[in-house]
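Remarks on the structure that follows.
The values are calculated or read from the model by the stated rules, or taken from the named source; none is laboratory data. The structure presented is a predicted model; accordingly, all values stated were derived computationally and were not measured. Cβ coordinates were reconstructed from backbone atoms using ideal geometry, including for glycine residues, and neighbour counts include every protein chain displayed. These accessible areas exclude ligands, DNA and RNA; they are computed on the full protein's heavy atoms, side chains included. Shrake-Rupley method; radii C 1.70, N 1.55, O 1.52, S 1.80 Å.
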Amino acid sequence: MSATSSTIVNLPDQKTATLPKRNYLNNEDGLLSWLFTGDHKRIAILYLISITFFFFIGGAFAGLIRLELLTPQPDLVASDTYNKFFSMHGIIMVFLFLVPSVPATLGNFLMPIMIGAKDLAFPKVNLLSWYLYWVGGLFTLAALVLGGVDTGWTFTTPLSTHYLNTHVVTAAVGIFIIGFSSIFTGLNFIVTIHRMRAPGMTWFRLPLFVWSNYAASLLMVLGTPVLAITLVLVALERTIGIGVFDPTKGGDPLLFQHLFWFYSHPAVYIMILPGMGVISEVISTFSRKRVFGYTAVAFSSVAIALFGFFVWAHHMFIMGVSNYSALVFSLLTMLVAVPSAIKIFNWAFTLQKGSITFETPMLYAFGFMGLFTIGGMTGVFLGALGMDIHLTETYFIVAHFHFVMVGGMLMAFLSGIHFWWPKMTGRMYPESLSKLAAVTTFIGFNLTFLPQFILGYLGMPRRYHAYPPEFQVLNVLSTAGATVLGVGYMLPLLYLGWSLKYGAIAGNNPWQATGLEWQIQSPPLTENFIEVPVVDHEAYDYEWLAHKTEQEVTTVG
Amino acid sequence: MHISPVLWQFLVKWLNASALFPREASTIAPYADALYFFLLLITVVGLTLVGTLIFGFAIRYRKEKHPVAIQVEGSTLLEATWTIIPLALFLICFVWGALLYFRIYNPPTNSMNIYVVGKQWMWKAEHEGGQHEINALHVPVGKPVQLTMISQDVFHSFSVPDFRIKREVIPGRYSTVWFQATTPGSYHIFCTQYCGTNHSQMIGEVTAMTPDDYQKWLQASTSGMSLAQNGERLFASMGCNACHTGAAAARGPNLAGVYGSKLQLTNGSEVLVNDAYLRDAILNPSEHVTAGYAPIMPTYQGQVSEDGLIDLVEYIKGLQSNYRIQQTLVTTESDQAAPTTPAGVKP
């Protein structure tokens, strides 16, 4: 790979360069050294492999769904099978991919290094959380292999408790266990950020990635137990019929909705906040500028986390919440949109007066900003009460949350993976292929989900296996887009795998970024830092970096 | 909310012709569409703004043009601007959306009532005259129609996109939605809440007819028995009239005129007798013992279907005392003078 004039890639001489002799990858050998590791970086790699596995399973179901919807008739699979497809797609993507994606992989790998710590506060709990993830994952896979589950990812009662004969309890147990994995990760992050920052690393010197993971961790710790309780109640209702949700026993079916969304709305922010952290890092690095209004961006993460707990009933505007509580929740929903808008404009103005280059992570970050703006604005459609009545439960919802979750979160995840790939592996990915993948993903994504907004306004309900023929054209477009999108996701899998062996040696700081993680060797040592670093500069201080580079200070020989 | 009517007509015609837009077939639809266009407008403006900023800065400050970045800490003025302007816009959306919500969910007092029961996997509509239809609903245009809906099993959701209305149909609880069709024609009814295997087949059709056609349809599809008459028969066959005789010394309270009144219960509370209360009193009598009576009524949970409950409620509604209480509640155009109605009573 040649460094052109437009690139800031600062690679060592490829003829002489080698990977560091000792690093976290080769420090110990053998499968067992991985399975019993306490190293946050190795656990991050374990997570990365695991979530990639589940992402492609979830993606395969998405492909099947889009294939079925190519024609209005229910002709590819039977109704029950289709219902299982979208249920498994939702369950796997939400609980096994989106929730753990950035925190458990990039967060696990980078957060301790970014604050100058040697590891997370509780390395064994960290490993335990990966095992819990897999135990939960295996229950979910078992539910799939034994015949599937067709509740949808929302487990709505009384459908899930009284009317389905599928493996609801198995899947619920799976998610219950995965929930603990999430709680442990959050707890570990909170304690680490509070207790293990290096000398000089004050709260307002923390990289914004750490701030956003901190906010997401608060949500994980406070929200996930509610989900766990809800699923226990569903399992008890289903097995022994305790009657909490059953109206014939004096229960309230709406109670389930309240409990479920009390977790699942904040969960949206668990998914998106860490992604926003990635975008802050990437935009700053490739425009060589401190993030515009650092404090506002940091506090907006916390604001989103706090407001996130008070908007859950906006999922129930048509379900019979009282008109006045609908008013309150609509107002609060509008308020939570404000910090997101602040972030978008702060990122845009970070570019101003910068010195911008267009590396792959930056392309994904630009994609994120566009798609997240659409995702956020369409959220305002749904927050506006009267409009919500027409749009909710249609494809508009599907398009909206895919814009936020896939257009936002997944773009951020891919941006982050490319950005930190040199740090994690010590090698670069192939530049032109990765740019092609970023563009393909962006085009495929828009082609898939833009038509769904129109479908939604036309009234096509979600979770429909067959549909009236007038909706076909837009569905065909969407399926075509999904095919392109699939290619966009396969490409990184292939070339990132290839780069593990053949990629150019990256050196310590290919992007000339300011974070502590870039001041150590790539891949890092198991203990991260040989000496505890002392932080004497603000986050994103490029002048400090230039000064330091001049002095040729190296952390590791 | 006021666009030039000519421009509006043109826009709607063009959109309808382009098949990217649902038909406007109810009085609510134009209001919903106006808000939709406003939201669309601010989305496009916002997106254009963000896009222009990104592309503009990316071109203006690319490395070749601008090799050294100039560090800027932030700007309170700018940040306040992009906090306050979106906040103001979102608050406008909130108020507008709330006004629309109340318009959609508050029925006019003169609306006619039709019952809808959602079941896995069909819609059953019951007209007061006893006409039943499955996955179909006939309504007159130009008259407000209120649907009183309940589910017999799981959550369903009643949606007519061309009317821009939707409401969850909940087990164990009546929910209502109203509309006034403007154009004769037939429109999809979708179930939009996932309800199991044949969720996507739970599609019906609402046929909006001229009032004359509607009268003809009502006469042609009559079953001979109105809901209230069915209810009366059920009332007798379940033995309800053994206690609810109407006599002063009866074991159960007199039901004549009870609908719409306030009832004193033995636990001291006062309740408004409406459809939901009557239904619940039949299913869970021990929780609703009228003051002065012993808690001896058995539960009818599991013994009477939702359809039967609707018939019973309809029958009890129609039991008159000395005034036509139902008329006073349901219509403001009654030829009889309305007696005192408790404030805030809605059927």
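Miscellaneous remarks
Yes/no per residue for (1) part of a loop (DSSP other than H, G, I, E, B); (2) in contact (Cβ under 8 Å) with a residue 40 or more places away in the chain:
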| position | (1), (2) |
| --- | --- |
| A:170 | no, no |
| A:184 | no, yes |
| A:188 | no, yes |
| A:199 | yes, yes |
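- Of all residues making up segment B:198-235, the number that are assigned to a helix (DSSP H, G or I) and more than 14 Å from chain A (Cβ to nearest Cβ): 19
- Any chance residue A:73 is within 14 Å of chain B (Cβ to nearest Cβ), part of a loop (DSSP other than H, G, I, E, B) and not charged (D, E, K, R): yes
- Flag if residue B:123 is farther than 21 Å from residue B:189 by Cα and buried (at least 20 other Cβ atoms within 10 Å of the Cβ): no
- Residue within segment A:506-518 that is open to solvent by 40 Å² or more (accessible area, probe 1.4 Å) and more than 28 Å from the chain's Cα centre (by Cα) present: no
- Counting the residues of segment A:245-274 that are closer than 18 Å to residue A:319 by Cα and aliphatic (A, V, I, L, M) gives 3.
A quick yes/no check of all residues on (1) open to solvent by less than 20 Å² (accessible area, probe 1.4 Å); (2) without any contact (Cβ under 8 Å) to a residue 24 or more places away in the chain; (3) within 14 Å of chain B (Cβ to nearest Cβ):
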position	(1), (2), (3)
A:218	no, no, no
A:226	no, no, no
A:233	no, no, no
A:238	no, no, yes
A:249	no, yes, yes
A:252	no, yes, yes
A:265	yes, no, no
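- Segment A:304-341, subset within 21 Å of residue B:95 (Cβ to Cβ) and outside any helix (DSSP H, G or I), residue nearest to the other protein chains (Cβ to nearest Cβ): A:318
- Just one of the numbered conditions (1) touching a helix residue (DSSP H, G or I) at 6+ places or on another chain (Cβ under 8 Å); (2) at pLDDT below 95 is not true of residue B:188: (2).
- The number of residues in segment A:63-75 being open to solvent by 30 Å² or more (accessible area, probe 1.4 Å) and either closer than 25 Å to residue A:271 by Cβ or among the hydrophobic types (A, V, I, L, M, F, W, C) (or both) comes to 4.
- Per the listing B:198, B:254, the residue uniquely in the same structural domain as residue B:315 (by TED's automatic domain parsing) and open to solvent by 30 Å² or more (accessible area, probe 1.4 Å) is B:254.
- Residue in segment B:180-190 that is in contact with an Asp or Glu (Cβ under 6 Å, 6 or more places away or on another chain), within 11 Å of another protein chain (Cβ to nearest Cβ) and under 21 Å from residue B:20 (Cβ atoms) present: yes
- Hits in segment A:282-303 - residues which are open to solvent by 10 Å² or more (accessible area, probe 1.4 Å) and either more than 30 Å from residue A:386 (Cα to Cα) or not in a helix (DSSP H, G or I) (or both): A:288, A:290, A:295, A:296, A:299
- Checked against the criterion of being closer than 30 Å to residue B:138 by Cα and open to solvent by 60 Å² or more (accessible area, probe 1.4 Å), segment B:225-232 has at least one qualifying residue.
- Segment A:450-496, residues that are more than 13 Å from chain B (Cβ to nearest Cβ), of a type in the set (Val, Ile, Thr) and buried (at least 17 other Cβ atoms within 10 Å of the Cβ): A:479, A:484
- Within segment A:342-398, tally of residues that are assigned to a helix (DSSP H, G or I), under 23 Å from residue B:60 (Cα atoms), touching a His at 6+ places or on another chain (Cβ under 6 Å) and facing chain B (nearest Cβ under 9 Å): 0
- All positions within segment B:131-174 that are of a type in the set (A, V, I, L, M) and open to solvent by less than 10 Å² (accessible area, probe 1.4 Å): B:137, B:139, B:145, B:147, B:149, B:150, B:154, B:160, B:165, B:169, B:170
- Flag if residue A:419 is at the interface with chain B (Cβ under 9 Å from one of its Cβ atoms) and of a type in the set (Phe, Trp, Tyr): no
- Residue count for segment A:13-36, restricted to those that are in a loop (DSSP other than H, G, I, E, B) and open to solvent by 50 Å² or more (accessible area, probe 1.4 Å): 14.
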